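Report on the following structure.
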Amino acid sequence: MTIGNNIKKLRTAQGLTQDQLAERLFVTRQTISSWERSASHPSLEQLEAIAAALGEDVMTLLYGPKPKYQPSRKRVILVVVLLALAATALELGAVVPPQVEGWVMRRKPGWLFYMVAFRLVEGLLLGLGIVGAASLHWPLGLKGKEKRRCLIAALVCLLVSPALFAWIRLGHCPYPIFAFWMYSYEGLELLLGLAAGTLLFLAGMPTKRTE
């Protein structure tokens, strides 16, 4: 697409006539027409003036407006599944724990899961669902070293709470840390899970160019 076509497209998108744009640039309508027909080309100074008059940047005039982001079908399906899982996690977090707390506390596997991983998994699913929904509007995704860093950070988030719990069980944890964990472990695990879900989604999703 030529500069002239870009000028015309941006002008018409704003509902401006050639006369109106010419008035803003202090040139004649014939000059605008000549640019749009590519019979002549604006100078660099004129390009800057045109960009300012249209509220755009010079790169947009040179290369055209950026195409609107459209998520791939694969991403849309994935996000729908993640949102369904996130909604299920919210329902379980609100209803199930009070009903089964007495049951899980009498059984070691259930007790360990409830104390160490329940809110962590809930936060993980919520993080995946929230960032997934955001990715339908913005082309979220990373590549290369950024992916690896996100994966490492997500792993750290997932291991913090189990590591603290193991430290407490071994009896070597200072009392302030023990008290902090006992009174805030649910909120802490939820936040760590949200962070891990966010990081995992960003690390797992390709950029728009590779979808």
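What ranking do 67-76, 82-91 get when scored by the average of other Cβ atoms within 10 Å per residue, highest first?
On the way: 67-76: 12.1, 82-91: 16.0.
Per-residue Cβ counts within 10 Å, averaged per peptide and sorted highest first, yield 82-91, 67-76.
Run the numbers for residue 69 and residue 34: contour at 0.36 nm per residue of separation, minus the present Cα-Cα distance, in nm. Could the numbers behind the result be given before it?
Values: separation 35, 0.36 × 35 = 12.60 nm, distance 3.21 nm.
Net length gain for the segment: 9.4 nm.
Stick to the Cα atoms of the stretch 28-69, pair each with every other, and give me the Kirkwood hydrodynamic radius in Å at one decimal. Walk me through the intermediate numbers first.
Details: mean 1/r = 0.0906 Å⁻¹.
Averaging 1/r across every pair of different Cα atoms and inverting gives 11.0 Å.
What is the distance, in nm, between label points placed 7 Å from the Cα along the Cα-to-Cβ direction at residue 9 and at residue 136?
With each label placed 7 Å out from Cα toward Cβ, I get 2.7 nm.
Which of the pairs 8/74; 74/147; 9/147; 8/147; 66/147; 74/145 have their Cα atoms more than 31 Å apart in this structure? Provide the component values of the computation, followed by the final result.
Working: 8/74 35 Å; 74/147 19 Å; 9/147 38 Å; 8/147 41 Å; 66/147 25 Å; 74/145 24 Å.
Result: 8/74; 9/147; 8/147 exceed 31 Å.
Quick note: the coordinates plus some simple rules give every number you see, no bench work behind them. The model shown is predicted, which means the values in this text are computed figures rather than measured ones. Here the Cβ is made from the backbone with ideal geometry for all residues, glycine too, and neighbour counts use every protein chain on show.
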